[in-house]
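A.B. asks: After the structure tokens below, expect a handful of questions from me.
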Amino acid sequence: MIFPINNIRNDFPILHRKVNGKPLVYFDNGATTQKPVAVIKAMEEAVFEYNSNIHRGVHTLSNVCTEAFEKAREKVARFIGAAHTHEVIFTRGTTESINLVTSSFGEMFLNANDEIILTEMEHHSNIVPWQLLQKRKGVRLNIVPIRDDGTLDMETFDAFLCENTKLVTIAHISNVLGTVNPVNEIVEKAHQRGIPVLIDGAQAIQHLSVNVTDLDCDFYAFSGHKMYAPTGIGILYGKEKWLNRMEPYHGGGEMIKHVSFKGTTFNELPYKFEAGTPNYTAAIGLGAAIDYIESVGLVNIREYENMLFDYAISRMSEIENVTFYGTSAHRTSLISFLLNGIHPFDTGTLLDKMGIAVRTGHHCAQPLMKRLNIQGTVRASFAMYNTCEEVDALINGLVKVRQLFG
Ligand code: PMP
């Protein structure tokens, strides 16, 4: 199949703008992706044609809006292969999804000296919530180290698994190293001991075909804005058996069945975890983003992005004095690197002058930076609309940066 790159690029108007007088080359997709017209149109239609609070009214607009919102939930459920639509909870994003588990699962099932396994390559949003829980409850955090190639030290992971382990929480793909973690193996090993697994899919859902039922994970978290959908919407997938037993996260409207001062009963799934008016416009946008991804085909996207990734790696290897961070054979979608002797901030700033957007810094992964013994990296992260010509522009830009620094 010929990948319809020109049509795709035309669907993202922002890609045609200039930055600092140069055509935009957007390689900061790991932070957030751009939005196709179809997503904006779906949201525009929702706002202009049927905006109304959901689940509340008997009137037509409310019913139409509710239907569109629930349809978006069905799309997400199908997209990730959830067994039940009510296992899909709308949140603000990955961060809130993880905090929901920390809070609701943590309150219910974790006690002093229980152990949680996480890894050295986690994003702060899969570290700090657990540290807050550690303060509240005295749980212990066991951190799986990484090897020099950016893969997990699975022997230590195996050694950590014990009868005190009550949860494993891990990134599917590292936002710094690009490493695709062996989540199937991790789930299998944890489940052999009856330990549930939470997967942070923020960097995976837009690149890999994720099927939570095949994967058999207990929770899977991701953000809409990294998969061509708007900001302010995300998903927590959770197995019914856990969600039903967990305490609600936030209290308020929508999440109750009956409220009295004698005692309140809670709504059924998924509403029990969706207190207050949700960002239904963004949820509808997320549904449209899924339609868009499916219209291109995740398998085609993956094949194309792999080609782009391989091309970028081979071209970057031509540049002298580059250090790559993350060299696992199982990595994808992003490249973290340093031009030796040049601060990543300088590289990023100079590239920006050439219209090239990359991310620089610690990428919300300071413990990983400490392990790598650096302050930060430059990160180029790819999406389905990037091209080999843009990779060439990046390479030319890096050569110029190197020249400027002598
Ligand atoms: N986890 C990973 C691996 C991420 O890359 C990110 C975003 N950089 C997050 C969590 C947090 O996502 P959000 O800010 O959308 O909640």
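A.B. asks: Filter region 168-187 down to the residues that are more than 11 Å from the ligand (Cβ to nearest atom) and open to solvent by 10 Å² or more (accessible area, probe 1.4 Å) and list them by number.
C.D. replies: Val180, Pro182, Asn184, Glu185, listed by residue number.
Per-residue answers, yes or no, for (1) at pLDDT below 95; (2) touching a Phe, Trp or Tyr at 6+ places or on another chain (Cβ under 8 Å); (3) of a type in the set (Gly, Ala, Ser); (4) in a loop (DSSP other than H, G, I, E, B):
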| site | (1), (2), (3), (4) |
| --- | --- |
| Phe324 | no, yes, no, no |
| Asp352 | no, no, no, no |
| Arg371 | no, no, no, no |
| Ile374 | no, yes, no, yes |
| Val378 | no, yes, no, no |
| Met384 | no, yes, no, yes |
| Leu394 | no, yes, no, no |
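A.B. asks: Which ones in region 186-241 are over 22 Å from Ser103 (Cβ atoms), part of a helix (DSSP H, G or I) and not β-branched (Val, Ile, Thr)?
C.D. replies: Passing the criteria: Glu188, Lys189, His191, Gln192, Asp214, Leu215, His225, Lys226, Met227.
A.B. asks: Evaluate the following for Leu286: is it touching a residue at least 40 places away in the same chain (Cβ under 8 Å) and assigned to a strand (DSSP E or B)?
C.D. replies: So Leu286 fails the test.
A.B. asks: Residues of region 79-93 being within 16 Å of the ligand (Cβ to nearest atom) and in a loop (DSSP other than H, G, I, E, B), which ones?
C.D. replies: Arg92, Gly93
A.B. asks: Can we say Arg56 is open to solvent by 20 Å² or more (accessible area, probe 1.4 Å), at pLDDT below 95, within 30 Å of Glu247 (Cβ to Cβ) and not hydrophobic (A, V, I, L, M, F, W, C)?
C.D. replies: yes
A.B. asks: Here's a follow-up. Quickly run through region 372-384 and pick out the residues that are more than 17 Å from Asp346 (Cβ to Cβ) and surrounded by fewer than 16 Cβ atoms within 10 Å (Cβ to Cβ).
C.D. replies: Within region 372-384, Asn373 is the sole residue that qualifies.
A.B. asks: Taking region 94-122 as the region of interest, how many residues are surrounded by fewer than 22 Cβ atoms within 10 Å (Cβ to Cβ), within 9 Å of the ligand (Cβ to nearest atom) and not in a helix (DSSP H, G or I)?
C.D. replies: Total meeting the criteria: 0.
A.B. asks: Taking region 241-277, which residues are charged (D, E, K, R), surrounded by fewer than 18 Cβ atoms within 10 Å (Cβ to Cβ) and in contact (Cβ under 8 Å) with a residue 60 or more places away in the chain? Give the steps one after another, and end with the answer.
C.D. replies: Within region 241-277, the first condition is being charged (D, E, K, R), and the residues that meet it are 241, 245, 247, 254, 257, 262, 268, 272, 274.
Still in the running and surrounded by fewer than 18 Cβ atoms within 10 Å (Cβ to Cβ): 241, 245, 247, 257, 262, 268.
Scanning region 241-277 gives Arg245, Glu247, Glu268.
The values are calculated or read from the model by the stated rules, or taken from the named source; none is laboratory data. Being a predicted model, the structure only gives us computed values, none of them experimental. Positions of Cβ are generated from backbone atoms using ideal geometry, with glycine treated the same way; all protein chains shown enter the neighbour counts. We work out accessible area using only protein heavy atoms, side chains counted, and drop any ligands, DNA or RNA first. Shrake-Rupley method; radii C 1.70, N 1.55, O 1.52, S 1.80 Å.
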